[in-house]
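The values are calculated or read from the model by the stated rules, or taken from the named source; none is laboratory data. Note that the structure is a prediction, hence the values are computed from the model and not measured. With ideal geometry, Cβ positions are generated from the backbone for all residues, glycine too; neighbour counts draw on all protein chains shown.
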Amino acid sequence: MKRFIFISILFALMVYTVISCKPKASNNVTPADGNFPAEIANIFISKCATTGCHNAASSAAGLTLDSWEHLFQGDGQGAVVVPYCTQYSLLLYRVNTDSSLGTIVLPIQPPTISTSNPATPLSKSEYMTLYNWIASGAPDKYGNIPFASDPDTRQKIYLTEQGCDLVSVIDAKSMVIMRYIQVGIYPGLTEAPHCIAMSDDGMSAYVGFYAGPGIQKIDTRSDTVVGTVNMSNSGVPGGGSWGIAIASPDNSGVALTNFQSTGGLELLNTSPTSFKHKSYYSNGLGFAYLHGIESNPTWDTFYMTGQYGNVIYKFFPAVLQIGNNPVKQISVDANPPLATDSNNSKPNPHEIQMVPDDSRYFVTCQGTNDVRVMDAYADTLIKVIPVGSYPQEMAMSGNPATPYIFVCCMGDASNPGAGEGNIGSVYVLDYNTYQVVSIIYGDFALPHDLAVDDQDGLLYVVSTNSDPNGPKPHHVTACGGRAGWYSVYKFGPNYFVPANKNRYQTTVFPYSIDPRF
């Protein structure tokens with residue numbers, strides 16, 4: 001018995017010695033190879049993460065390349081490497097010396113710090129090593145792909161890029177673009193992904209196109225297109241020119257407005273990947289230039305804005321099926337409903353946003369530079385709230401402590417203190433009191449849309465930068481055209497401040513944005 005006790009004690013001491021002598025990992029110590037694969041470490045550590053350039057002490061241009069983790073924090077202009085995407089990874093532009101291999105952005109890196117110590121550009125072999133590494137997902141030395149963990153729960157924001165037929169996926173934690181998804185159904189034709197809608201469960205996103213008949217479904221766990229329908233083959237007039245999309249409360253489908261003179265509503269059941277659709281077009285319904293859309297919680301009543309006039313269409317699909325008039329035209333001003341306005345003198349309602357209890361909805365009126373509050377039950381005007389010039393999209397906080405609706409005023413020129421060429425503002429409205437809580441003037445250039453991340457208390461504002469006289473983009477993009485960007489703000493009860501000084505550059509004509517959770 002004593003021998004057993006002795007052996008047990010000896011074994012315990014041996015275990016303690018092994019455990020206590022085992023090297024402990026430290027989050028504060030960067031390994032010599034930066035957690036890069038060996039062939040990548042040979043490039044970054046020896047040629048990039050050097051004194052005066054991209055080591056931790058210098059962090060030139062806000063970019064640190066001494067570790068795999070730091071690389072994917074990006075720089076002051078956003079992501080420099082996007083996994084699996086060589087075409088839109090800025091780092092490749094900066095180190096490329098051969099235009100036949102891809103886009104070149106000057107000055108070539110690494111730069112010459114002094115004449116006595118001239119830098120040597122990357123060889124073609126080194127460039128292709130980086131190229132192939134990014135194409136394979138840019139893994140660390142253990143094979144981990146950036147942003148690939150927690151696919152079911154990762155907080156992300158999805159942004160359409162009209163000029164390049166892309167959807168950008170933004171990682172909420174780092175705020176940088178983590179993936180690009182190629183969308184569209186006709187190779188070589190710019191179809192302009194216009195609207196995007198997230199399902200309530202966060203597992204699917206739906207994309208509609210302004211210049212193409214496609215509607216596509218994205219799986220947000222894999223960030224791949226898993227369903228496509230070509231509406232030009234489905235009897236839809238003109239094939240469709242989609243305005244706004246909203247997802248059904250039960251995650252089974254999506255509704256889209258068709259922005260044409262004889263516009264209509266498209267209801268699609270998209271579970272699991274097939275598309276079964278029901279079309280409602282003008283034929284006696286009176287729809288014209290439908291854009292904004294909301295629904296009631298039971299998905300049987302739809303509110304749609306007529307872009308040119310003073311009309312909200314309240315539509316009951318079930319009533320149509322029994323042969324009665326299914327449409328009620330609601331005026332957003334004191335005048336009789338007018339579906340089209342050739343003189344452009346009406347409110348011209350653009351977007352619509354329901355409050356959480358569905359009792360009221362807010363409408364941006366780009367013709368009169370105001371937001372109108374409507375009673376969803378009585379179908380009457382409650383309040384007119386003046387805002388900045390050309391109000392467009394809205395986003396609402398679902399946090400009761402911040403009962404705010406944020407309004408993008410795309411053409412607001414009264415932007416004090418902003419940089420040269422900046423234009424646009426964000427009005428913050430309290431949806432309970434109808435008061436203007438704040439006006440955000442920031443680094444904007446024709447901002448069109450915004451998204452609220454209630455989990456992190458962040459507001460994303462998307463600048464299209466579509467005016468050729470506006471701010472010059474930081475760098476060109478592989479698909480040509482003029483790049484836009486998004487800015488990020490922290491918000492809470494009565495405070496709205498920039499999250500940082502970064503201008504997160506996108507590709508061309510970023511347009512609509514929606515958060516995953």
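Just a few scattered comments:
- The residues of the range 242-273 that are in contact with a His (Cβ under 8 Å, 6 or more places away or on another chain) and either closer than 15 Å to ALA211 by Cβ or without any contact (Cβ under 8 Å) to a residue 24 or more places away in the chain (or both), listed by number, are TRP242, GLY243, PHE259, ASN269.
- All of GLU126, GLU191, GLU161 fail the test of being among the charged types (D, E, K, R), surrounded by fewer than 21 Cβ atoms within 10 Å (Cβ to Cβ) and within 28 Å of THR262 (Cα to Cα), apart from GLU191.
- Which listed residue, of GLY184, GLY188, GLY163, is without any contact (Cβ under 8 Å) to a residue 40 or more places away in the chain and farther than 20 Å from PHE275 by Cβ: GLY188
- Any hit, the range 232-241, residues being part of a strand (DSSP E or B), closer than 24 Å to VAL169 by Cα and assigned by TED's automatic domain parsing to the domain that holds ALA288: no
- Selection count where residues are in a loop (DSSP other than H, G, I, E, B) and modelled with pLDDT of 95 or more, scope the range 467-493: 1
- In the range 377-410, of all residues being of a type in the set (Gly, Ala, Ser) and surrounded by fewer than 19 Cβ atoms within 10 Å (Cβ to Cβ), the one that is farthest from the chain's Cα centre (by Cα) corresponds to ALA378.
- Verdict on LYS328 being farther than 21 Å from SER241 by Cα, over 25 Å from the mean Cα position of the chain (by Cα) and part of a strand (DSSP E or B): yes
- The set of residues in the range 275-315 being β-branched (Val, Ile, Thr), assigned to a loop (DSSP other than H, G, I, E, B) and either under 25 Å from the mean Cα position of the chain (by Cα) or farther than 24 Å from CYS365 by Cα (or both) consists of THR298 alone.
- Across the range 291-301, a minimum of one residue is classified as at pLDDT 85 or above, buried (at least 16 other Cβ atoms within 10 Å of the Cβ) and hydroxyl-bearing (Ser, Thr, Tyr).
- Residue match in the range 225-235 (condition: of a type outside the set (Ser, Thr, Tyr) and over 27 Å from the mean Cα position of the chain (by Cα)): yes
- Within the range 415-431, residues that are outside the structural domain of ASP467 (by TED's automatic domain parsing) and over 20 Å from TYR460 (Cβ atoms) reach no partner that is modelled with pLDDT of 90 or more and assigned to a loop (DSSP other than H, G, I, E, B) with beta carbons closer than 6 Å at six or more positions or on different chains.
- Filter result for the condition that a residue is farther than 25 Å from MET354 by Cβ, out of contact with any strand residue (DSSP E or B) (no Cβ under 8 Å at 6 or more places or on another chain) and either in a strand (DSSP E or B) or modelled with pLDDT of 90 or more (or both), over THR190, THR228: THR190
- Output for the range 469-503, where each listed residue is on the phi > 0 side of the Ramachandran plot and buried (at least 17 other Cβ atoms within 10 Å of the Cβ): GLY481
- Residues being among the hydrophobic types (A, V, I, L, M, F, W, C) and over 26 Å from THR464 (Cα atoms) are represented in the range 198-209 by at least one member.
- Each residue in the range 455-466 was checked for being in contact with a Gly (Cβ under 8 Å, 6 or more places away or on another chain) and surrounded by fewer than 15 Cβ atoms within 10 Å (Cβ to Cβ), and 0 pass.
- In this structure, TYR404 does not qualify as hydroxyl-bearing (Ser, Thr, Tyr) and under 27 Å from PRO337 (Cα atoms).
- Entry remark, the range 117-174: residues being over 29 Å from ILE185 (Cα atoms), of a type in the set (A, V, I, L, M, F, W, C) and outside any loop (DSSP other than H, G, I, E, B) number 2 in total.
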